[in-house]
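Asks: Have a look at this one.
Derivation of every value follows stated rules applied to the coordinates shown; laboratory data play no part. Here the structure is a predicted model, which is why all the values come from computation and not from measurement. Don't worry about glycine lacking a Cβ; one is built from the backbone with ideal geometry, like all the others, and counts go over all protein chains shown.
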Amino acid sequence: MSSKSCNAVLAKSRAMYGKCLKDEDYRQLVECRSVSEVAGYLKTRTCYSRSLTGLNETETHRGQLEPLLRQEIYLDVFALSRYTTDNALAVSDFVTSKLDIEQIIRCLMMLNIGKPEEYALSMPLSLDKFAALSFKKLAAVRSYDDLLNTVQRTKYYQVLLSFRPKEGEALRIADIEIALNNKNYSMAMEEISKMKNKAEQKELRELFNSVFDFENLERILRLKKYHALDSETVRSMLIPYGKLSKRVIEDFCNADDIHDVYELARSTYLGGPLSKLQYYDNTQISFALINAYCKHHLRLSPNPTIVMISYIYLKQIEILNIINLIEATRYGLSPEEKLKLPLR
């Protein structure tokens with residue numbers, strides 16, 4: 001990457017982050033009394049006006065609003081990708097693949113309950129232009145074989161083929177989702193290993209492996225808290241990458257409860273980041289850790305690809321914050337209660 005491209009990505013990523021929601025925006029959003037008010041504020045007072053142009057906020061609901069908000073991530077990804085070459089393209093492919101996987105899983109969930117035609121009702125058409133898959137073709141799926149035909153020429157085909165159910169067998173949707181995501185993670189790590197700049201390669205591998213550790217920690221906490229699964233099953237549901245050793249992961253999986261997991265985590269490099277978190281719960285701990293980690297890298301890293309992926313993760317967290325506030329508004333939480341929700 002030329003120095004001109006490096007400087008462009010660094011400047012553009014940080015400029016985009018400068019347009020993200022501020023504390024004052026969150027204070028205004030928690031005072032909103034309806035989804036329409038939230039949509040109106042975002043449309044007229046924030047960077048989301050680009051994606052919400054033409055939206056009639058007085059008639060909107062969460063199902064319409066969420067894909068329009070998430071469109072911002074993909075618009076930014078492709079805007080940043082124009083300034084660079086292979087590294088940025090690998091990052092953008094990783095991000096858009098997550099969109100494909102999410103829609104495949106939604107399609108499978110509708111198929112599993114015998115209502116495949118209802119996928120079309122939640123199909124985010126505004127995001128279709130960013131995906132490798134055609135959501136309109138997914139909407140026409142009426143069987144697992146239809147899905148296989150739809151994805152036949154994509155990187156998802158072999159994974160989905162391996163989970164093709166036998167006659168009368170239930171779809172293993174959780175296992176399929178894990179396998180598809182792990183395929184995406186392995187392809188991202190493979191692309192990183194091909195990078196010619198060894199220093200950049202090392203730093204990017206460090207970032208991804210840290211994020212994978214954060215996500216694995218949250219998965220283990222969730223599984224320990226809400227499901228009575230043996231350690232082998234828990235281990236099979238984790239991302240097969242990260243900085244933590246297999247022995248440490250094994251100890252996490254064998255822990256009796258979430259308190260033991262936390263104690264074990266504090267004895268690793270995760271202890272430092274965990275001690276700095278001001279607010280989190282077990283269901284959002286990975287986002288809280290990613291939020292703090294990526295803010296540090298976005299501000300201080302001279303590596304344009306690191307700054308770019310840090311910005312993308314932070315943007316995803318911001319949209320999660322907005323969606324959580326919309327849900328809290330729908331259920332009538334007070335402004336004080338809602339103000340505790342955003343990760344900042």
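Asks: Specify the longest stretch of the chain that does not include any exposed loop site, a site being one of the chymotrypsin sites (Phe, Trp or Tyr not before Pro) with a non-H, G, I, E, B DSSP assignment and at most 13 other Cβ atoms within 10 Å.
Replies: Numbers: sites that count: 269, 279, 331.
Answer - 1-268.
Asks: Can you list the HN-Hα couplings for region 281-289, worked out from phi with the Karplus curve (6.51, -1.76, 1.60; θ = phi - 60°), rounded to whole Hz and with x for Gly and Pro?
Replies: 10, 5, 7, 10, 5, 5, 5, 5, 5
Asks: Straight-line reach from residue 19: which lysines have Cα under 20 Å away, leaving out those fewer than 8 places along the same chain?
Replies: Candidates past the 8-residue exclusion: 43, 295, 315.
Asks: Around residue 47, what is the net charge, scoring Lys/Arg as +1 and Asp/Glu as -1 over all other residues with Cβ under 13 Å from its Cβ?
Replies: Values: positive: 19, 22, 43, 45, 50, 315; negative: 25, 72, 76, 318.
Within the 13 Å Cβ shell, the charges total +2.
Asks: Using θ = phi - 60° and the Karplus curve 6.51 cos²θ - 1.76 cosθ + 1.60, what whole-Hz ³J(HN,Hα) does each residue of region 213-227 get, with Gly and Pro shown as x?
Replies: Coupling constants for region 213-227: 5, 4, 5, 5, 4, 5, 4, 5, 4, 4, 5, 5, 7, 10, 9 Hz.
Asks: What's the local net charge at residue 166, with K and R +1, D and E -1, over the other residues with C-beta under 13 Å away? It would help to have the intermediate numbers written out before the result.
Replies: Details: positive: 164, 172; negative: 145, 167, 169.
Local net charge: -1.
Asks: I would also like to ask the following. Find out how many positive minus negative residues lie around residue 262, taking Lys and Arg as positive, Asp and Glu as negative, among other residues whose Cβ is under 13 Å from that of residue 262.
Replies: Details: positive: 224, 225, 266; negative: 218, 251, 256, 257, 260, 263, 281.
In short, -4.
Asks: Distance between the C-alpha centers of region 53-83 and region 299-344? Whole Å please.
Replies: If we compute the Cα centre of each part, the gap is 15 Å.
Asks: Choose one answer from 253, 107, 20: the residue with the largest mean-square fluctuation in a GNM of the chain with alpha-carbon springs under 10 Å.
Replies: 20
Asks: In addition: Which entry in [x] 20.6, 58; [y] 23.1, 87; [z] 18.5, 53 is this structure's computed Rg and Dmax of the Cα atoms in Å?
Replies: Given [x] 20.6, 58; [y] 23.1, 87; [z] 18.5, 53, the calculated one carries the label [x].
Asks: Give me the extension gain from residue 330 to residue 7: residue separation times 0.36 nm, minus the current Cα-Cα distance, reported in nm with one decimal.
Replies: On the way: separation 323, 0.36 × 323 = 116.28 nm, distance 4.28 nm.
Fully extending the segment from residue 330 to residue 7 adds 112.0 nm.
Asks: Counting other Cβ atoms within 10 Å, keep those with at most 14, restrict to DSSP loop, and tell me which trypsin sites (Lys or Arg not before Pro) in region 56-137 are left. Numbers along the way, then the final one.
Replies: Numbers: sites: 62, 70, 82, 98, 106, 129, 136, 137; in loops: 82.
The qualifying sites are 82.
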